[in-house]
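What follows is a single structure, written as structure tokens, with notes after it.
We did not get these values from a lab; they are worked out from the coordinates using the rules stated. Small disclaimer: the values here were computed from a predicted structure and weren't measured. Positions of Cβ are generated from backbone atoms using ideal geometry, with glycine treated the same way; all protein chains shown enter the neighbour counts.
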Amino acid sequence: MAATPSTMLPLGTIAPRFKLPDTVSGKELSYDDIKGKKATVVMFICNHCPYVKHVNDELVRLARDYMDKGIGFVAISANDITRYPDDAPDKMKETALKLGYPFPYLYDESQEVARAYQAACTPDFFVFDENDRLVYRGQLDDSRPGNDVPVTGKDMRKALDLALEGKMIPEEEQKPSIGCSIKWKE
């Protein structure tokens, strides 16, 4: 389980646009379709990664706690399914339904969206304000598989609470996420 950190896309970056298939509904969804009135969370996750499995329940809680407050959520998987068949769209749909994802789970087959966001790992999190400017990127919290730190989502919750107030966590307080590397096509 090699740990890969986020690349930490520059704050203020405008959210890269996309249109990707939702593995649950089968519909093509764009950034504008999932955008929240107050802020938008774009998460790069996948099915097989132990770091994602470790936080999945908190991702569901987090979305349920903040979606009604005007924050949009979307999860995207960009892994090479030839080498990682557990991350294929049919398996993504199974996972989303089993875990009760309240957000769309999109498949980035070309990996162009992951590259546009400079996503490096799963999970990798990006929070954009109401004007689509990046205000947070980095970790959910300090918990990792095997470190005995409870999964609370404290860093992400702080970022979202501040985004709701039109503020952001100072850059020096934003820590990279750590997870499995995105499985790029060869």
Note: Ser110 to Trp184 extended length (0.36 nm per residue) minus current alpha-carbon separation gives 25.7 nm
Counting only DSSP beta bridges with both partners in the chain, the antiparallel fraction in percent, to the nearest 5, comes to 70
With x for Gly and Pro, the residue-by-residue ³J(HN,Hα) of the range 77-83, computed from phi through the Karplus equation 6.51 cos²θ - 1.76 cosθ + 1.60 at θ = phi - 60° and given in whole Hz, is 10, 10, 5, 5, 7, 5, 8
Quick note on Thr82, Thr4, ordering by fewest other C-beta atoms within 10 Å, gives Thr82, Thr4
Counting only backbone N atoms under 18 Å from a point 7 Å out along Cα-to-Cβ of Asp65, the residues of the range 128-158 in range are 128, 136-144, 149-158
The size of the Cβ-based charge dipole (Lys, Arg +1; Asp, Glu -1) of the chain about the Cα centre, to the nearest 20 debye, is 120
Phi angles of the range 30-36, converted by Karplus (6.51 cos²θ - 1.76 cosθ + 1.60, θ = phi - 60°) into ³J(HN,Hα) in whole Hz with x for Gly and Pro, give 9, 4, 5, 5, 9, 4, x
In the chain the cysteines whose Cβ sits 4.7 Å or more from every other Cys Cβ are Cys46, Cys121
Placing +1 on each Lys and Arg Cβ and -1 on each Asp and Glu Cβ in the range 52-135, then taking the dipole about the Cα centre, the residue among Gln111, Asn56, Phe73 whose Cα reaches farthest towards the positive end is Asn56
Note to self, the chain gives a 222 nm [θ] from helices alone (DSSP H runs n ≥ 4, -39500 (n - 2.57) apiece, / all residues, nearest 500) of -7500 deg cm²/dmol
Taking a straight Cα-to-Cα line shorter than 20 Å from Lys69, and setting aside same-chain lysines fewer than 8 residues away, one finds Lys35, Lys37, Lys38, Lys154, Lys158, Lys167
The lysines whose Cα lies under 24 Å from the Cα of Lys185, excluding any fewer than 8 residues away in the same chain, are Lys19, Lys53, Lys91, Lys93
Length gained, Asp132-Thr152, 0.36 nm per residue minus C-alpha separation, equals 4.6 nm
Once phi for every residue in the range 92-108 is put through the Karplus expression 6.51 cos²θ - 1.76 cosθ + 1.60 (θ = phi - 60°), the whole-Hz ³J(HN,Hα) values, with Gly and Pro written as x, are 4, 4, 4, 5, 4, 6, 4, 8, x, 3, x, 10, x, 10, 9, 10, 9
Taking only C-alpha positions in the chain, Rg and Dmax in angstrom work out to 14.8, 43
Expressed in angstrom and rounded, the centroid-to-centroid distance over alpha carbons for the range 98-128 and the range 40-90 is 7
Ala119 neighbourhood, Cβ < 12 Å, K/R = +1, D/E = -1, net charge 0
